[in-house]
1. Ordered by packing density, taken as the mean number of other Cβ atoms within 10 Å over each peptide's residues, highest first, how do 188-201, 46-59, 103-116 rank?
2. What do you reckon, how do E262, E34, E127, E285 stack up by accessible area (1.4 Å probe), largest on top?
3. On a full-extension model of 0.36 nm per residue, what is the gain between R9 and V245, subtracting their alpha-carbon distance, rounded to one decimal in nm?
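The values are calculated or read from the model by the stated rules, or taken from the named source; none is laboratory data. As the structure is a prediction and not an experimental result, all values here were calculated from the model. Positions of Cβ are backbone-derived with ideal geometry, glycine not excepted, and every protein chain shown enters the neighbour counts. We work out accessible area using only protein heavy atoms, side chains counted, and drop any ligands, DNA or RNA first. Shrake-Rupley method; radii C 1.70, N 1.55, O 1.52, S 1.80 Å.
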Amino acid sequence: MNILKTVNRIPGGLMIVPLLLGATINSFFPQVLEIGGFTQAAFKDGASAIIGIFLLIMGSQLTVKSTGPVVQKGFAILLGKLVAGVAVGLVVGFLIPGGVLWSLTPLAIIAAMINSNGGLFAALTKEFGNKTDRGTFPIIALNDGPFFTLVVLGAAGLADVPFVALISVIIPILIGFILGNLDPRIREFLRPGESVLIPFFAFPLGTGIDFGDIIAAGPPGVLLGIMTVALSGGGAMLFLHLIHVVKRTPRERRNLISGAAESSTAGNAVATPAVVASIDPAYSEIAGIATTQVAGAVVTTAILTPVLTTLIYKWQMKRGIDPQLEHPGDASTQTHSDARARAESTDPQ
């Protein structure tokens, strides 16, 4: 039996299989992992700690010369996702009679579409992207929490920018970045951890997903998830493509993987409607249904975002756009096909 080889045959399998296993257990046997001790710490509550280590390792793989492309790419996908979510929300609020589209309110639309799942992004950019894709993580973390939603809905000034949360994301990446650039041997030592840690934070991330949320949200929640993947992911990829065009990047290096991986809804977005309602009572009556719809979008995008990223990867590869060759001057660059060939050659049969 070769479990690892079977999992690797599934696009994004190292992330998706543990994620779905965790979600299945949480949906049908939620008490199984809530027994305390090391079991609960590792398989239920441990995602944040493991992601923190993952971010440190990821930071160690960044070189000084790659920081420019990271900043450009990060703000492109952040703004693309933000503009798409805001545009859809405001169109519904001001141009649709009653300000509601298929029971979806601007509150639910904006909350779901402008906030992304950082853990899923990290895993997908590791599987299909390159180090500059992964390095954008602290930039896209700016959309965490309700701040942008409050600004868009007219509540600017009533909430503080979550600078502490942002700094908490940057610190492990910065530590890894410093260590990796001071000593390349540390970079080489840590490199295998990028792949090893993915299933270990994917499973506890999955235990925060309940398939029952899809049923509770009904078709509007699923629709919101589909809209998020298609429109916010599309917006992120469009802005990233425009950056490539402005920079006159050769067509064979116009990699869009990070834009596709940014098409999800973060689990913490579920709390946004309640936060907004606590600050602006005008939203109190719709906060409950908006919360349910956003939860439906979280589950739907957790399934569809890896599918979109896989499709974009295959579409690019057919056109000769290998993400690993986006920065040809990088001596550490290698193609997925070369890496997989070496892996298979050393794989015990």
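1. Those peptides, ordered most packed to least, come out 103-116, 46-59, 188-201.
2. Descending accessible area places them as E285, E34, E127, E262.
3. 81.6 nm
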